[in-house]
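The structure appears right after this line, and notes come after that.
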Amino acid sequence: MADLRTAVLVGGNRIPFGRVVGRYASATNLDLLTAAIDGLVARYGLAGRRLGEVAAGAVLKHSRDFNLTREAVLSSALSAATPAYDVQQACATSLTAAIQLSNRIRVGQFDVAIAGGVDSASDSPIAVNDRLRKKLLTLHAAKTPLDKVKTLASVRPGDLVPEIPRAAEPRTGLNMGQHQALTTARWGITRQAQDELAAASHHNLARAWSEGFFDDLVTPYLGLTTDQPLRPDTSVQKLAALRPVFGDGPDATMTAGNSTPLSDGAAVVLLAEQGWAREHNLPVLARIVDAETAAVDYLTGAEGLLMAPAYATARLLSRTGLSLQDFDYYEIHEAFASTVLCTLAAWESDDYCRETLGLPGALGPIDRAKLNVNGSSLAAGHPFAATGARILASLGKLLAAKGPGSRGLISVCAAGGQGVVAIVEAS
């Protein structure tokens, strides 16, 4: 096999993230993903070009969207000869897609690709329940008018109640917030700490918007020019007034303010072989140095649903020989404020790192001034599959501005007890 090539991040694009049933209420996943791709295509002069591949996905997806990414490519200004396919790893979808495509560029399978993700909580599929589904199939197979009438007569009012999508784990029946509430209590994360992190996320994102940081990372869509969930005027005091929505009893600490809001949006990144990018006069921001995926057994309650990134980080650092302090920026997905704080606490715990992660000792603390410096999901919103690409594009720009050799760590938790982490370095 030939020597591995260098795959680089050229840039990214997303549309402003919207509130559920907000400005994008009538837009579909296909609409949102196409808009994000077209913004990227326009920014980097890719109209009519055949790329190696486009890989993207959605968590909440209608059956009509079985070939969502390919349909988005066909709807975009890219060449129709560009292959495309769906991937899905819950909230880590677009980061996973970027890692996979980067690796394929490195081994020489193609020179340029797009990774991304989209989700619309406003466009969530609403399905018939299983009883009605079976009766409709029986109706479809009926041979005679009498058989059809008998089947229709068997339908009861309860059969007509639709199945509404829930962000619940199939094996436990608990939604992500309920699972995180258990982990939050186990680690003793305070309400004050959660509200402080949430307020900082909003303030950091508001500052980044006002300074023009997102001018070459976001294209307006359907009248939105900034992230709709953003609340620049929020404060710890205002957040403290909200009632808990996850957890039980007087000790519950998780509110709508320190939990990620349901959102609509799409994000994509452009990846290329380094020489190809320079030959085409495209920016070279950074490269994905390495990545690790982990999964935990949350079913027994021995580990929290969203703690897998702690395991993945330990393995990744061990493999690369880096310490947790060897980074200029840390991007930890804010599924909930307490998810970030539990991860930090795990890294700092000597007992946890020794007994659970199998390390000689604690990974140690990080410099909080380097964490989510331009805000994250609590403020921007979290269209599930789009979050990884949003983070990767923003981090790449930060690293490029800081200079060659600067390094960032991305950590994204995902449903099913999974987590993906990646090391990104400026080229």
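The values are calculated or read from the model by the stated rules, or taken from the named source; none is laboratory data. In this text the structure is predicted, and so the values were computed from the model without any measurement. Backbone-built Cβ (ideal geometry, glycine too); neighbour counts: all protein chains shown. These area figures cover heavy atoms from the full protein model, side chains too; ligands, DNA and RNA do not enter into them. Shrake-Rupley method; radii C 1.70, N 1.55, O 1.52, S 1.80 Å.
Taken over region 261-288, residues that are within 21 Å of ALA414 (Cβ to Cβ) and open to solvent by 20 Å² or more (accessible area, probe 1.4 Å) amount to 3.
Comparison of ASP3, ASP31 shows that the only residue that is without any contact (Cβ under 8 Å) to a residue 24 or more places away in the chain and part of a loop (DSSP other than H, G, I, E, B) is ASP3. The set of residues in region 142-173 that are part of a loop (DSSP other than H, G, I, E, B) and out of contact with any Leu (no Cβ under 8 Å at 6 or more places or on another chain) comprises ALA142, LYS143, THR144, SER154, ARG156, VAL161, PRO162, ILE164, ARG166, ALA167, PRO170, GLY173.
Can you find a residue in region 123-132 that is part of a loop (DSSP other than H, G, I, E, B), surrounded by 16 or more Cβ atoms within 10 Å (Cβ to Cβ) and either among the β-branched types (Val, Ile, Thr) or modelled with pLDDT under 95 (or both)? Yes, the conditions are met somewhere in region 123-132. Looking at region 238-260, is at least one residue among the charged types (D, E, K, R), surrounded by fewer than 18 Cβ atoms within 10 Å (Cβ to Cβ), within 29 Å of VAL118 (Cβ to Cβ) and modelled with pLDDT of 95 or more? Within region 238-260, not a single residue is among the charged types (D, E, K, R), surrounded by fewer than 18 Cβ atoms within 10 Å (Cβ to Cβ), within 29 Å of VAL118 (Cβ to Cβ) and modelled with pLDDT of 95 or more.
Residues in region 8-28 that are assigned to a loop (DSSP other than H, G, I, E, B), of a type in the set (Val, Ile, Thr) and closer than 16 Å to LEU217 by Cβ: ILE15 alone. Scanning region 415-427 for residues that are under 14 Å from PRO283 (Cβ atoms) and open to solvent by 10 Å² or more (accessible area, probe 1.4 Å) yields one hit, SER427. Take the conditions (1) open to solvent by less than 10 Å² (accessible area, probe 1.4 Å); (2) more than 23 Å from MET254 (Cα to Cα); SER323 misses just one of them, which is (1). Entry remark, region 289-317: residues being in contact (Cβ under 8 Å) with a residue 60 or more places away in the chain and either of a type outside the set (A, V, I, L, M, F, W, C) or open to solvent by 40 Å² or more (accessible area, probe 1.4 Å) (or both) number 14 in total. Mind checking which residues of region 1-37 are over 16 Å from LEU262 (Cα atoms), among the charged types (D, E, K, R) and surrounded by fewer than 22 Cβ atoms within 10 Å (Cβ to Cβ)? If the condition is that a residue be over 16 Å from LEU262 (Cα atoms), among the charged types (D, E, K, R) and surrounded by fewer than 22 Cβ atoms within 10 Å (Cβ to Cβ), then ASP3, ARG5, ASP31 are the ones that fit.
Of the listed requirements (1) open to solvent by 60 Å² or more (accessible area, probe 1.4 Å); (2) over 23 Å from ALA36 (Cα atoms); (3) not in a loop (DSSP other than H, G, I, E, B), LEU139 misses just one: (1). How many residues does region 142-181 hold that are among the charged types (D, E, K, R), open to solvent by 60 Å² or more (accessible area, probe 1.4 Å) and within 31 Å of the chain's Cα centre (by Cα)? Counting residues in region 142-181 that are among the charged types (D, E, K, R), open to solvent by 60 Å² or more (accessible area, probe 1.4 Å) and within 31 Å of the chain's Cα centre (by Cα) gives 3.
Of all residues in region 361-414 being within 11 Å of the chain's Cα centre (by Cα) and farther than 23 Å from ILE15 by Cβ, which is surrounded by the most Cβ atoms within 10 Å (Cβ to Cβ)? Among residues in region 361-414 that are within 11 Å of the chain's Cα centre (by Cα) and farther than 23 Å from ILE15 by Cβ, the one surrounded by the most Cβ atoms within 10 Å (Cβ to Cβ) is CYS413. Close contacts from region 325-353, counting a first residue that is touching a residue at least 60 places away in the same chain (Cβ under 8 Å) and a second that is aromatic (Phe, Trp, Tyr), with Cβ to Cβ under 6 Å and a gap of 6+ residues or different chains, come to CYS342/TRP187; ALA345/TRP187; ALA346/TYR352. When GLY381 is tested against the conditions (1) over 14 Å from ALA198 (Cα atoms); (2) out of contact with any helix residue (DSSP H, G or I) (no Cβ under 8 Å at 6 or more places or on another chain); (3) of a type outside the set (Asp, Glu), the lone failure is (1). On the given criteria, is ASP65 of a type outside the set (Lys, Arg), within 19 Å of ILE15 (Cβ to Cβ) and without any contact (Cβ under 8 Å) to a residue 60 or more places away in the chain? Yes. Within region 53-109, the residues that satisfy the criterion of being more than 22 Å from the chain's Cα centre (by Cα) and in a loop (DSSP other than H, G, I, E, B) are SER76, ALA77, LEU78, SER79, ALA80, ALA81, THR82, PRO83, VAL107, GLY108, GLN109.
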